[in-house]
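This report concerns only the one structure given below.
The values are calculated or read from the model by the stated rules, or taken from the named source; none is laboratory data. All of these numbers come straight from a predicted model, not from anything done at the bench. FYI the Cβ positions are ideal-geometry reconstructions off the backbone, even for glycines, and counts take in every protein chain you see.
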Amino acid sequence: MKKKLIFVLFCILAVKVSAQNLTPEYKKLSRDIFKELIEINSTSKFGSTKAAEAMADRLRTAGFKESDIQVIGPDTQHKNLVVRYHGEGKLKPVLFICHLDVVEALRDDWSVDPFTFLEKDGFFYGRGTTDVKNDDASLIVNIIRLKKEGYKPDRDIIIALTADEEMGTANGVNWLVTNHRELIDADFCINPDGGGGDEKNGKPVGLGIQTSEKIFVSYKLETKNKGGHSSLPVKDNAIYRLAAGLTRLAKYDFPLRLNETTRTFFEKSAEIESGQLKSDILAILKIPPDTAAANRITAASAYYNAMMRTTCVATMLKAGHAENALPQTAQATINCRMLPDDSPDSVMLVLKNVLADNQISVTQINSTFRSPLSPLREDVTEPVTQIVSSMWPEVSVSPVMSTGASDGKFLRREGIPVYGVSGMFSDMDDVRAHGRDERIGVKEFYDGVVFTYRLIKALSTEK
């Protein structure tokens, strides 16, 4: 009996170890595809079409039918790739999205060439190595692998690699769901760009499942005055009036409001925090939440503060027309990140009340829309948790609300739930996406490829 138990434990351990090791064939393919994508400059200036076509060629070579591969977009330079892997039709399709475009990277700003794939000191360097060509490569290599293995999923698997996410334009996911929803219509969507794992001191510590994201909206504040000569100053000054209003806004915090995602997030956070911060997190989970605890959290962590409430911050100022004249106009731009259930009108009302000056006008600058919270579904969260537990036993899995934005908002708007999930881990204290010398750990990349393979299979098989 003892020998049998040892054998079983050995088999379990062997499965866990082998699951995190790619065969030489797929390890090479992963690296080759990753390198190819990094060395295609897909900034907005050059567009994503070349990258989309390159991945389409990979799929054709692997045996995908031409009818299952679409390279389409509103113009020749910024096209999207959509591929469908047919299943048995027992369930509605599952959609995976990832963007092909990257932000600009100047050679003079980097210590290496941003568009030359480089492996150095245990890292892969290049623009897009973390945002988000690592996951583009992972999706392509894994769907090719599944094809070669003859995998028969219970549902169609759709992969859309899109353009212009970084520019926030009407192309990409927004264009596809508006003009060709039939190509990407799905039961739910996995968006690796909205997820990922965190490392601390070289060790994986947490992985998030993004179920919602804040909504971007900006406002212009403006004061006007008759002005005059600067040698004859008066108290009624456009700059002073605006500055006084901004000072009141700087001291204001929107009400604390937790939803299903953020409540669970803070419950998980309390498990890994300690001391006063742990106590304060537990205190805000009470009903009603402890206001003093919330204030301490706000002071201690900008990230936790952003997870608790809508935020508004002054980001730009413009005033006056000459150094020897009293200002006739003063303007400020206020950028707000709203909770998913907030609205631009309600935020504007709060701003006016806080500014408390009817001579400061408030105008919404950009249009926006509501992007509802995606419900926590066990058929998504359980497979993710199980895979993470088998690959990284010490890692905590938690739902998160993104304080930024991704293409997931366009699908949520149209009624397709989106979950930001990726098995790619990076140093939480060394975030280089959009920055200098962007990089990902070599081991972290290959482990992420394995995670994606297991996740695709888990989500496309009927339980």
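For region 341-376, filtering for residues that are aliphatic (A, V, I, L, M) and under 25 Å from the mean Cα position of the chain (by Cα) leaves 4.
Only one entry in Gly122, Gly126 is at pLDDT 95 or above, farther than 21 Å from Ser402 by Cβ and in contact with a Pro (Cβ under 8 Å, 6 or more places away or on another chain), namely Gly126. Quick check: is even one residue across region 286-297 exposed (fewer than 14 other Cβ atoms within 10 Å of the Cβ) and within 30 Å of Asn237 (Cβ to Cβ)? Scanning region 286-297 turns up no residue that is exposed (fewer than 14 other Cβ atoms within 10 Å of the Cβ) and within 30 Å of Asn237 (Cβ to Cβ).
Considering each residue of region 176-190 in turn, at least one proves to be over 30 Å from Met316 (Cβ atoms), surrounded by 23 or more Cβ atoms within 10 Å (Cβ to Cβ) and under 18 Å from the mean Cα position of the chain (by Cα). Every condition in (1) assigned to a loop (DSSP other than H, G, I, E, B); (2) surrounded by 20 or more Cβ atoms within 10 Å (Cβ to Cβ); (3) among the hydroxyl-bearing types (Ser, Thr, Tyr) is met by Ser212 except one, and the failing one is (1). Restricted to region 369-385, and to residues that are of a type in the set (A, V, I, L, M) and assigned to a helix (DSSP H, G or I), which residue is farthest from Asn174 (Cα to Cα)? In this case the residue turns out to be Val384.
For every residue, the table says whether it meets (1) over 26 Å from Ile69 (Cβ atoms); (2) in contact with a Phe, Trp or Tyr (Cβ under 7 Å, 6 or more places away or on another chain); (3) assigned by TED's automatic domain parsing to the domain that holds Phe96.
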| residue | (1), (2), (3) |
| --- | --- |
| Asp113 | yes, no, yes |
| Asp121 | yes, no, yes |
| Gly128 | no, no, yes |
| Val132 | no, no, yes |
| Asp135 | no, no, yes |
| Arg145 | no, yes, yes |
| Tyr151 | no, no, yes |
| Arg155 | no, no, yes |
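Checked against (1) surrounded by 18 or more Cβ atoms within 10 Å (Cβ to Cβ); (2) modelled with pLDDT under 95, Leu37 meets all criteria but (2). Restricting Val313, Val384, Val347 to those that are of a type outside the set (D, E, K, R), closer than 13 Å to Phe216 by Cβ, out of contact with any Leu (no Cβ under 6 Å at 6 or more places or on another chain) and surrounded by 14 or more Cβ atoms within 10 Å (Cβ to Cβ) reduces the list to Val347.
The set of residues in region 150-207 being under 21 Å from Pro93 (Cα atoms), acidic (Asp, Glu) and touching a residue at least 40 places away in the same chain (Cβ under 8 Å) consists of Asp154, Asp156, Asp185, Asp187, Asp193. Among the residues of region 321-336, those that are in contact with a Gly (Cβ under 9 Å, 6 or more places away or on another chain) and either surrounded by fewer than 20 Cβ atoms within 10 Å (Cβ to Cβ) or assigned to a strand (DSSP E or B) (or both) comprise His321, Ala325, Leu326, Gln328, Thr329, Ala330, Ala332. Scanning region 373-417 for residues that are aliphatic (A, V, I, L, M) and closer than 23 Å to Phe445 by Cα turns up Val380, Val384, Ile387, Val388, Met391, Val395, Val397, Val400. Taking first residues from region 292-313 that are within 21 Å of Gly208 (Cα to Cα) and partners that are exposed (fewer than 13 other Cβ atoms within 10 Å of the Cβ), the Cβ contacts under 8 Å between residues at least 6 apart in sequence or on separate chains come to Arg309/Pro255. Where strands (runs of 3 or more DSSP E) sit wholly within region 13-126, those with at least 1 residues that are closer than 23 Å to Ala186 by Cα and among the hydrophobic types (A, V, I, L, M, F, W, C) occupy 69-72, 80-85, 94-99. What single numbered condition from (1) modelled with pLDDT under 95; (2) crowded, with 18+ Cβ neighbours inside 10 Å fails to hold for Asp75? Checking Asp75 against (1) modelled with pLDDT under 95; (2) crowded, with 18+ Cβ neighbours inside 10 Å, the one that fails is (2). Scanning region 411-432 for residues that are of a type in the set (A, V, I, L, M, F, W, C) and crowded, with 24+ Cβ neighbours inside 10 Å yields Leu411, Val418, Val421, Met424, Phe425.
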